[in-house]
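J.: This structure is in structure tokens; I'll ask about it shortly.
The values are calculated or read from the model by the stated rules, or taken from the named source; none is laboratory data. Only a predicted model underlies this, so the values are computations on that prediction, with no experimental measurement involved. Cβ sites come from the backbone with ideal geometry, for glycine too, and all protein chains shown count toward neighbours. Remember, those area values only see protein heavy atoms, side chains included, never the ligands or the DNA or RNA. Shrake-Rupley method; radii C 1.70, N 1.55, O 1.52, S 1.80 Å.
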Amino acid sequence: MTLDRPQPRISVVICVYTEDRWDDILAAVASVGDQSWPAEETLLVVDHNPALLRRLRDHYEGAGGSEGVRVLANAGPRGLSAGRNTGIAASTGEVIAFLDDDAVAERDWLRHFAAGFADPRVLAVGGRTEPAWASRRRPAWFPEEFDWVVGCTYRGLPPGRVRVRNVLGGNASFRRAAFDAVGGFASGIGRDGDKRPLGCEETELCIRLTQRRPDAVLLIDDRAVIHHKVPAARERFAYFRGRAYAEGLSKALVARSVGARAGLATERRYTTRVLPAGVARGLRDALLGRAGGAGRAGAIVAGVAAAAGGYLVGTARARRAGGARFTIAAVPGASASGTSGPGARTDDGPAPSRHEGAA
């Protein structure tokens, strides 16, 4: 029996890559199934892991099955971007939402996304991602301003439903027309399993989208909440520093592609306003004898230094290579706008820039 779905119809894509997260994957899918705004379908895209692919198909598509859950193999190169593009191509909804495989969505997550798309100018809606620390509490030294390091909403983003430059990829939704306009996520920027934790693929997509569609509106609604697991390994300073460095590398690729003004507009405000205020709070707490104050101030300084180092290294590499070499996939069924060759194009230089959003 096919359920009558409310409008807009939303497909949910969850990209997975390891059996180590089996319980997390089941919890993520269950949270989608429990939504007050029913999903059109849930697409599990498996990133080049045949054993996990078979196990998930047996679980969701075997005898009895699970209505509305489909399990797919990543049809592109290894990595999160190609997995998302596979999900986009296979989806049937007019809106495609993305959920991390180690996160669970609150019951009204999709309802708040849907409300944002009531305005036809809106092409993307993101939400708020809360950390679920393995140790049950935030490490005393870990600054909220750097929660993006663990894939969560960070201090400095504006509250409420607000217009932004880019949404955050693990808790985001896009109107299908966005992919019709500019193609899919760029391969070569974002994560590839457990390798260096790069990112920024959703930032690059959002900037590319607003350059092609200057009338586009991108929103974050902090009522669309998910809870993202933070394993113990990511509560350590070594991961913090490495992730900040990787972010710098990724930002260099984005800036090289879309232009430094667009690629770093939000980061300038973040580094000149949000982070100095965070350092001041940490030092004040230290003077007042509060736990972790000096550690947070020091972590902010170290994080900025690591990200700046990554950016400089990434910029030098891009210049030596003659440009930022990554591929933007054309989504099957989308227009050819923004692509060339057999279904993809390679970015190798800056594009015109515009739009300095809030996030």
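J.: Mind telling me which of the residues Arg138, Arg70 ends up being touching an Asp or Glu at 6+ places or on another chain (Cβ under 9 Å), without any contact (Cβ under 8 Å) to a residue 12 or more places away in the chain and more than 14 Å from Asn171 (Cβ to Cβ)?
T.: Arg138
J.: Also, quick follow-up: With the structure loaded, tell me whether Arg196 is closer than 13 Å to Ala124 by Cβ and either surrounded by fewer than 24 Cβ atoms within 10 Å (Cβ to Cβ) or modelled with pLDDT of 90 or more (or both) or whether it fails that test.
T.: no
J.: Give the residue that is farthest from Ala97 (Cα to Cα), with candidates limited to residues of region 39-49 that are in contact (Cβ under 8 Å) with a residue 40 or more places away in the chain and part of a loop (DSSP other than H, G, I, E, B).
T.: Asp47
J.: So, one more: Before we move on, is Arg155 out of contact with any Ser or Thr (no Cβ under 9 Å at 6 or more places or on another chain), without any contact (Cβ under 8 Å) to a residue 12 or more places away in the chain and under 30 Å from Leu283 (Cα atoms)?
T.: no
J.: State which residue pairs qualify: first residue closer than 17 Å to Asp101 by Cα and inside region 50-65, second residue among the hydroxyl-bearing types (Ser, Thr, Tyr) and at pLDDT below 95 in any location, beta carbons under 6 Å apart, and separation of 6 or more residues or different chains.
T.: Pairs found: Tyr60/Ser66.
J.: A further question on this structure: Among the residues of region 272-299, write down those that are surrounded by 15 or more Cβ atoms within 10 Å (Cβ to Cβ), on the phi < 0 side of the Ramachandran plot and either among the β-branched types (Val, Ile, Thr) or outside any helix (DSSP H, G or I) (or both).
T.: Within region 272-299, the first condition is being surrounded by 15 or more Cβ atoms within 10 Å (Cβ to Cβ), and the residues that meet it are 274-275, 278-279, 281-283, 285-286, 292-299.
If we keep only those that are on the phi < 0 side of the Ramachandran plot too, we end up with 274-275, 278-279, 281-283, 285-286, 293-299.
Hits for region 272-299 are Val274, Val279.
J.: Is it true that some residue in region 21-38 is basic (Lys, Arg), open to solvent by 70 Å² or more (accessible area, probe 1.4 Å) and at pLDDT 95 or above?
T.: No, that holds for no residue.
J.: Here's another thing I want to ask about it. If we keep just the residues of region 164-179 that are modelled with pLDDT of 95 or more and either more than 21 Å from Lys251 (Cα to Cα) or open to solvent by 10 Å² or more (accessible area, probe 1.4 Å) (or both), which is farthest from the chain's Cα centre (by Cα)?
T.: Ala177
J.: Hey, can you tell me all the residues within region 128-151 that are under 16 Å from Asp102 (Cβ atoms) and open to solvent by less than 20 Å² (accessible area, probe 1.4 Å)?
T.: Thr129, Asp147, Val149, Val150
J.: Among the residues of region 94-108, count how many are under 18 Å from Asp221 (Cβ atoms), touching a Lys or Arg at 6+ places or on another chain (Cβ under 9 Å) and open to solvent by less than 50 Å² (accessible area, probe 1.4 Å).
T.: 5
J.: Only residues in region 175-196 that are more than 17 Å from Gln211 (Cβ to Cβ) count as the first member; pair them with residues that are at pLDDT below 95 and aromatic (Phe, Trp, Tyr), Cβ under 7 angstrom, at least 6 apart or cross-chain, and list the lot.
T.: Every condition considered, the pairs that remain are Ser187/Phe326; Gly188/Phe326.
J.: So which residues in region 15-34 are over 19 Å from Ala73 (Cβ atoms), among the charged types (D, E, K, R) and in a helix (DSSP H, G or I), if there are any at all?
T.: Asp23, Asp24
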